[in-house]
There are 4 protein chains.
Amino acid sequence: MSHYYRLVVSCPDQRGIVSRVSSFIAGQGGSITEASQHSDLESGRFFMRYVILADSIGMSAETLRDAFAPIADEFEMDWALTDTRRRRRVVLMVSRESHCLVDLLYRWTADELDCDIAAVISNHDDMRSITEWHGIPYHHVPVDPADKAPAFAEVQRLVDEARADCIVLARYMQILPPSLCERYAGRVINIHHSFLPSFAGAKPYHQAYRRGVKLIGATCHYVTEDLDAGPIIEQDIHRVSHCHTPNDLVRFGRDVEKAVLARGLRWHLEDRVLVHDNKTVVFA
Amino acid sequence: MSHYYRLVVSCPDQRGIVSRVSSFIAGQGGSITEASQHSDLESGRFFMRYVILADSIGMSAETLRDAFAPIADEFEMDWALTDTRRRRRVVLMVSRESHCLVDLLYRWTADELDCDIAAVISNHDDMRSITEWHGIPYHHVPVDPADKAPAFAEVQRLVDEARADCIVLARYMQILPPSLCERYAGRVINIHHSFLPSFAGAKPYHQAYRRGVKLIGATCHYVTEDLDAGPIIEQDIHRVSHCHTPNDLVRFGRDVEKAVLARGLRWHLEDRVLVHDNKTVVFA
Amino acid sequence: MSHYYRLVVSCPDQRGIVSRVSSFIAGQGGSITEASQHSDLESGRFFMRYVILADSIGMSAETLRDAFAPIADEFEMDWALTDTRRRRRVVLMVSRESHCLVDLLYRWTADELDCDIAAVISNHDDMRSITEWHGIPYHHVPVDPADKAPAFAEVQRLVDEARADCIVLARYMQILPPSLCERYAGRVINIHHSFLPSFAGAKPYHQAYRRGVKLIGATCHYVTEDLDAGPIIEQDIHRVSHCHTPNDLVRFGRDVEKAVLARGLRWHLEDRVLVHDNKTVVFA
Amino acid sequence: MSHYYRLVVSCPDQRGIVSRVSSFIAGQGGSITEASQHSDLESGRFFMRYVILADSIGMSAETLRDAFAPIADEFEMDWALTDTRRRRRVVLMVSRESHCLVDLLYRWTADELDCDIAAVISNHDDMRSITEWHGIPYHHVPVDPADKAPAFAEVQRLVDEARADCIVLARYMQILPPSLCERYAGRVINIHHSFLPSFAGAKPYHQAYRRGVKLIGATCHYVTEDLDAGPIIEQDIHRVSHCHTPNDLVRFGRDVEKAVLARGLRWHLEDRVLVHDNKTVVFA
């Protein structure tokens, strides 16, 4: 099967970037199969994502990175060049609600998520059986409300041990400590059970019910230290009416949450999400 | 053409309501063409809307009301019985943005809104021509920011003179004084250029842009004294991405706003919206 | 936990139906928690669905049926009165594609589908493990293309043995024989991987791709002898663009299919779907 | 105000296209403000659209075209380079239904459609007043069913006289003769009142009603000689239920039709739609 290099760039916008980058790739014989670009006129920032057929270039990702580095320096790029042969390692964190976990596991078995699921970590033991049925290690790390530090130290150890590239909070319901957020900055994805910035607090569906809204939503975002305020990757909504009870809203919410999280994670794994200024560019 | 009576009821839920009401109508020979009911289990409140073929009942709306009153009393109903021959009189209030006004005028000419548009009132003169082309009186009532009272007194006079049943704030951009809100309680409809409760303040599309949301929305609601917190009638959203400028968001917003307002007004005019506890039941 | 009786009626429309039915229920002390009615003006047919708190009526479903029968006769009703304590028994039929099966199994464990899943029947053995993990019997019934009759005889035997109330073709990919369709008329639900009536034949997503459509869809319908032409219960769509390959369309299609099938089955199990004239009334 | 050049290219895919084109533009000092590319892996075709700040290039569109021509030849490009200062001239054709016409006229006054509306042509006289209120010439060209040729000759004369770049069939309800289709190939946009390929014939909403579908749709497409089979630009749907009459479907259909047509026309005017193999690439 073919493999690909993905070049992702964010830099100050100026003339000649595309020309330089595309000439460089053409000069190496590279065949571009996908190309996306975006100039943000407000921030003056330029974003690009190229997918290159690896076989068309006679060099490894590492060598290609070295060759590209001078151009990157010249244009002050934040950049990455990834090789699709190296699958991302993902750690899923869950609590007692299963809908997002089961959905991600299913999509993973259906080859919709190009990654290895290295481990599932939970503060409860409920999801052990379904996780292990999928052949994935399950770690039960109870969190003592009186002293959460030991639990998070253990979480950190497990995440490191799993050599995780990415952490997905699939309804984990615990706030990660800042140290972990920083260490995995831009690589922790959360699903928020609300159409942010509405109803940012607890029990959002009950809040929504009381307010009598006609739409409920969910938000997938990168986790930052500022709770629920990280860059939004994806959002979606579900229509509701007076007929629906809070339980119905919770049920609809599950469907929206899992769909939004799955899309967000998929795009992240395919290097389609670029972050700048607490916002995302998504080359979906 | 056939005309109809519409019976709309809200009361404490208890056994036998439907039986009593439907037996009463059947007893008068009434033919029911639409029936909607809702029991709100949380609040213990019952809502119903019946549409009755007027010709099937050999009496005027007034006589029918008198005949029904004892049942209404017995069940402590908030209720209304309207006759579709008596068209509601609507006053539209606008500022300088035309999209909602033009949309409502068009739908009115296309017979989508069963009402008379009695007048358009604006704090600017911009919409005079298109309004008068439709044969509708236009009143320019400038609002002096230093002293708004005279303008609102004039607005009130014009609304009274127009014998308005309903006021639509079609992007009026001024806050109505509490006296007017009270006098027309449950009959002033606003379109809010945001997916409430998000971005409740000014320039919501620019707020949305800065927050990097992936969906923008609009909310149609009844006006109460508590700004932007009245009962929500309808909401909808439009998907956006990093490609879209604040101007694009404003443009998408216009489309959502006019669609949501038109639906909300139509439902109001057809007695489909019942309010209780700052929420709506919409028999759409 | 409370249980309920559900009364579902379809009959020629005439005055007094609601009055008679609701008076009957009130006369038995019955508390109605949900009521839906629809008069189809074109066909002159009336549809209703009442949910009655069983404890409010001092009699069994059977006794209540006997008491109601004279009214049903008088109004020439097609009707059913079900007891939510008697869970429907569902047989799922699948082929090699797992998405609908896994989704239904998940929703079943999450209490979104009020039924017993009596068995899974497949012409392949692929889904045995996930099925049995859920504690459900799995029957592998290979279909010989040269002579399908023995397989379908076995299917029929298994369905009978399972005492199935309802058969769900969750991507079964085989055409059921007319005898089975007739025997379970109105109780076989199919998910069609297309926005019917578009692309009714094979490989609909590839057809859609070649036609360059901007939306793909799926259709949940009751199976009749006339292939793909049975009453539609639910449909939905997913937006696509030139960026998407046939594989992407298949992937989006899976999401639409499973969502649409789950909604359709849920509504069926809750007696929300009434069929008349090859169309459905869905009291969703 | 700034103006822009838009370069739109479709050609066989091969290495080095982006490099050559972007280097050419950079070599002229050109500043690219929008860039979109697409490689269709099935057809092996490459599509691109660049928007270039005209002031950044010290030459007219004509000179730039001459300079670019050799590259275009080398890569066998279908291509166009347009100047946003030269506004497209659009002729709208309507029959008696006003919703699409009124919507387009409104969007035109709201600066959402970057074009001149050169004329409105209709086989009826109904839309004269609203058209002329907008200051646009209105031509009433009755079509004699027994001999349509004279009418279409007159239409052709008027279209030529208006120096039209684009014809929009905004519910014209007449089939254009092949000669006109050919002459304006790729520049005649139709709104089809159906979710093509479903219900391709007459009265699609009544067809949809009879089939009991749960969604109705509309399709905006380029007109080709093969009726209703031209490249699809955009589609959208509206949800319906058993509650809705054929008239409701017609009303919902109007909303979908005008929204879909407005999007399609806007994209066309902004050179966002590229056609190949009876399909479109839409850089929306």
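Laid out as a table, the results:
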item: Residue selected from the range B:184-208 under the condition more than 14 Å from chain A (Cβ to nearest Cβ) and without any contact (Cβ under 8 Å) to a residue 12 or more places away in the chain, by the criterion least open to solvent (accessible area, probe 1.4 Å); result: B:202
item: Qualifying positions in the range C:1-26 - of a type in the set (Val, Ile, Thr) and more than 10 Å from chain B (Cβ to nearest Cβ); result: C:8, C:9
item: Among (1) under 30 Å from residue D:242 (Cα atoms); (2) modelled with pLDDT under 95 - the single one residue C:209 does not satisfy; result: (1)
item: Failed item, numbered, when residue B:168 is tested on (1) assigned to a loop (DSSP other than H, G, I, E, B); (2) at pLDDT 90 or above; (3) among the β-branched types (Val, Ile, Thr); result: (1)
item: Residue check for residue C:277: acidic (Asp, Glu), in contact with a strand residue (DSSP E or B) (Cβ under 9 Å, 6 or more places away or on another chain), buried (at least 19 other Cβ atoms within 10 Å of the Cβ) and facing another protein chain (nearest Cβ under 10 Å); result: no
item: Residue under evaluation residue C:98, criteria (1) farther than 30 Å from residue C:130 by Cα; (2) free of Cβ contacts under 8 Å to residues at least 40 places away in the same chain, criterion not met; result: (1)
item: Residue check, residue D:49 at negative phi, charged (D, E, K, R) and not in a strand (DSSP E or B); result: no
item: Residue match in the range A:223-241 (condition: among the aliphatic types (A, V, I, L, M), farther than 28 Å from residue C:260 by Cβ, within 9 Å of chain B (Cβ to nearest Cβ) and open to solvent by less than 40 Å² (accessible area, probe 1.4 Å)); result: yes
item: Subset of the range C:260-274 [in a helix (DSSP H, G or I), among the hydrophobic types (A, V, I, L, M, F, W, C) and in contact (Cβ under 8 Å) with a residue 60 or more places away in the chain]; result: C:260, C:261, C:262, C:265, C:269
item: Those residues of the range A:209-222 which are surrounded by 24 or more Cβ atoms within 10 Å (Cβ to Cβ) and either on the phi > 0 side of the Ramachandran plot or small (Gly, Ala, Ser) (or both), in sequence order; result: A:217, A:218
item: Among (1) modelled with pLDDT of 95 or more; (2) closer than 21 Å to residue C:31 by Cα; (3) charged (D, E, K, R), the one test that residue B:83 misses; result: (2)
item: Residue list for the range D:32-59, restricted to those being facing chain A (nearest Cβ under 10 Å) and among the hydroxyl-bearing types (Ser, Thr, Tyr); result: D:33, D:36, D:39, D:50, D:56
item: Residues of the range A:203-259 that turn out to be part of a loop (DSSP other than H, G, I, E, B) and more than 23 Å from residue B:273 (Cβ to Cβ), as a count; result: 10
item: Yes/no for residue B:29 being within 14 Å of chain C (Cβ to nearest Cβ), in a loop (DSSP other than H, G, I, E, B) and open to solvent by 30 Å² or more (accessible area, probe 1.4 Å); result: no
item: The range D:233-273: number of residues that are over 26 Å from residue D:110 (Cβ atoms) and of a type in the set (A, V, I, L, M); result: 2
item: Tabulated pairs, the range C:44-70, first closer than 14 Å to residue C:22 by Cα and free of Cβ contacts under 8 Å to residues at least 24 places away in the same chain, second small (Gly, Ala, Ser) and surrounded by fewer than 16 Cβ atoms within 10 Å (Cβ to Cβ), C-beta under 9 angstrom, 6+ apart or interchain; result: none
item: Failed item, numbered, when residue A:171 is tested on (1) open to solvent by less than 10 Å² (accessible area, probe 1.4 Å); (2) more than 9 Å from every other protein chain (Cβ to nearest Cβ); (3) touching a Ser or Thr at 6+ places or on another chain (Cβ under 9 Å); result: (1)
item: Any hit, the range A:75-82, residues being over 30 Å from residue A:139 (Cβ atoms) and without any contact (Cβ under 8 Å) to a residue 40 or more places away in the chain; result: no
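For (1) of a type outside the set (Asp, Glu); (2) in a loop (DSSP other than H, G, I, E, B); (3) open to solvent by 20 Å² or more (accessible area, probe 1.4 Å); (4) at pLDDT 90 or above, each residue gets a yes or a no:
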position	(1), (2), (3), (4)
C:1	yes, yes, yes, no
C:15	yes, yes, yes, no
C:20	yes, no, yes, yes
C:36	yes, no, yes, yes
C:55	no, no, yes, yes
C:69	yes, no, yes, yes
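The values are calculated or read from the model by the stated rules, or taken from the named source; none is laboratory data. The model shown is predicted, which means the values in this text are computed figures rather than measured ones. Please note: Cβ atoms are built from the backbone with ideal geometry, for glycine as well, and neighbour counts cover all protein chains shown. The protein model used for the area step is the full one, side chains on, heavy atoms only, and it has no ligands, DNA or RNA in it. Shrake-Rupley method; radii C 1.70, N 1.55, O 1.52, S 1.80 Å.
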